[in-house]
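Accompanying notes for the structure given below.
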Amino acid sequence: MLLVDLDRFKPVNDTLGHPIGDALLRTVAERLLSAVRAGDLVARIGGDEFAIVQTDQTDEGTVAAVAGRIVDLLKRPFIIKGHLVNIGASVGIASVPADAADLDMLMIRADLALYQAKANGRSGYCFFRPELQERAQARRELEADLRKALMLRQFELFYQPQVDLDAGMLIGFEALLRWRHPSRGIINPAAFVPMLEELGLLQAVTDWILQAACQEAMTWPGNLTVGVNVTAPQFESDRLVPTVAAALMASGLPPRRLEIEVTETAVLQAGGAAEKSLLALRRMGVHIAMDDFGTGYSSLTQLRSFPFDRVKIDRSFIAGAASSTHDAAIVRAIAALSASLGILTTAEGVETTEQLDCIRAEGVTHVQGFLLGHPMPSSQVPAAIAKLSQTNLFPMTSPEVRQ
């Protein structure tokens, strides 16, 4: 069995309408029929999902050739009622008796292979392998644990210092989500945030992050700021602005002490919803930072279209700035451009004094990284504030300071 799931089909229905989507499905069916043998069964089993059954095929190489032909045919452009449509397809493959003893299990395991094909980057195919079943089981366990984590309040925020290079003083912290799993320990968000989104739990966690970060910042002295990351789905839900407003009101934190960090990828994915929300936050007095600057393909376009308060230069450039003239030149160009636009710059991921000296020489205004402090639980923040609020943090070149 080959399960075929269309990629990017939903936007066709959303933008061109269901009649175009229906016509596209009929054309997809025609291409599928042209890719298989006369005796093979081709069926549509869901909205944009098809199944192909081959009853006398045992050669994996031949099946792979069929799957590759399907992927190739469906990624070619379609002309549907005068519209040029580009989609694609992912294919999952399983067989009896090698992978399953009955038809129900065959469908389940072909679906697991399809899920892996999508995880591999879409527009490809994947055969079922036993380890996919193990991953599925681990995923189910993680899903159950995540639901418990929200109820049992196992999420917490860690804080990483941000320092002004010119003044040599602490200016605030970035709040970073962590999951304190009862058996696996501290888990970073990359391992579970995508699943939070799939489960529909991301908004609830975001509400908590903003409330907790603002309340924590209110315990800090002076005007220290707190940065909170947001993602594309949080813009699309249209709840970000009221959630931020509620967190500020409940905590009493002045809006100028909150900085919302967003990647350019998230801004592009959310489109007009992101710009609308960011402008509303700016009107409230909240500061906006572009995170991971330089890793996308439209950084300069984003700077032109929205007045960011800060750009955070991605750590991939900082890591090589002290040893690569190319990376140093990129850092210098970003710093100069930002200065001309009145935008602050933060170098992310600074780990050595050589990197610090380099980015300071290139004109970067702020710094964040392991050299100044690892992300820490809230209980350690007061000690970090006392240490980093001195006026003689820089230059950090003596052995005593490095230690």
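The values are calculated or read from the model by the stated rules, or taken from the named source; none is laboratory data. Not measured: the values here are computed from a predicted model. Quick reminder, even Gly has a Cβ in these numbers, built from the backbone with ideal geometry, and neighbours come from all protein chains shown.
Under the condition of being farther than 20 Å from L157 by Cα, crowded, with 18+ Cβ neighbours inside 10 Å and among the small types (G, A, S), the residues counted in the stretch 228-262 number 1. Each residue in the stretch 306-362 was checked for being touching a residue at least 40 places away in the same chain (Cβ under 8 Å), in a loop (DSSP other than H, G, I, E, B) and over 23 Å from Y159 (Cβ atoms), and 2 of them qualify. Taken together, V4, V53, V91 contain a single residue that is β-branched (V, I, T), under 28 Å from P130 (Cα atoms) and at pLDDT below 95, which is V53. Criterion first (modelled with pLDDT of 90 or more and surrounded by fewer than 20 Cβ atoms within 10 Å (Cβ to Cβ)) does S389 satisfy it? Spelling it out, it is not the case that S389 is modelled with pLDDT of 90 or more and surrounded by fewer than 20 Cβ atoms within 10 Å (Cβ to Cβ). Residue count for the stretch 200-229 under the criterion of being over 17 Å from E261 (Cα atoms) and either modelled with pLDDT of 95 or more or not in a loop (DSSP other than H, G, I, E, B) (or both): the result is 6. Checking every residue in the stretch 364-384 against the condition of being under 19 Å from A167 (Cα atoms), part of a helix (DSSP H, G or I), hydrophobic (A, V, I, L, M, F, W, C) and modelled with pLDDT of 90 or more gives at least one match.
Would you check which residues across the stretch 103-138 are of a type in the set (K, R) and either buried (at least 22 other Cβ atoms within 10 Å of the Cβ) or under 16 Å from D5 (Cα atoms) (or both) and list them? Let's see the steps before the verdict.
The initial filter retains those residues of the stretch 103-138 that are of a type in the set (K, R), namely 109, 118, 122, 129, 135.
Residues satisfying the conditions are R109, K118, R122.
For A149, are the conditions met, namely being in contact (Cβ under 8 Å) with a residue 60 or more places away in the chain and either touching a helix residue (DSSP H, G or I) at 6+ places or on another chain (Cβ under 8 Å) or assigned by TED's automatic domain parsing to the domain that holds S378 (or both)? No.
Within the stretch 262-286, residues that are in the same structural domain as R304 (by TED's automatic domain parsing) and among the hydroxyl-bearing types (S, T, Y) reach partners that are buried (at least 21 other Cβ atoms within 10 Å of the Cβ) and part of a helix (DSSP H, G or I) with beta carbons closer than 6 Å, at six or more positions or on different chains, in the pairs S277/F235; S277/L240. From the list P194, P221, the lone residue that is surrounded by fewer than 18 Cβ atoms within 10 Å (Cβ to Cβ), assigned by TED's automatic domain parsing to the domain that holds I385 and within 19 Å of the chain's Cα centre (by Cα) is P194.
The set of residues from the stretch 330-357 being of a type in the set (D, E) and closer than 24 Å to L176 by Cα comprises E348, E351.
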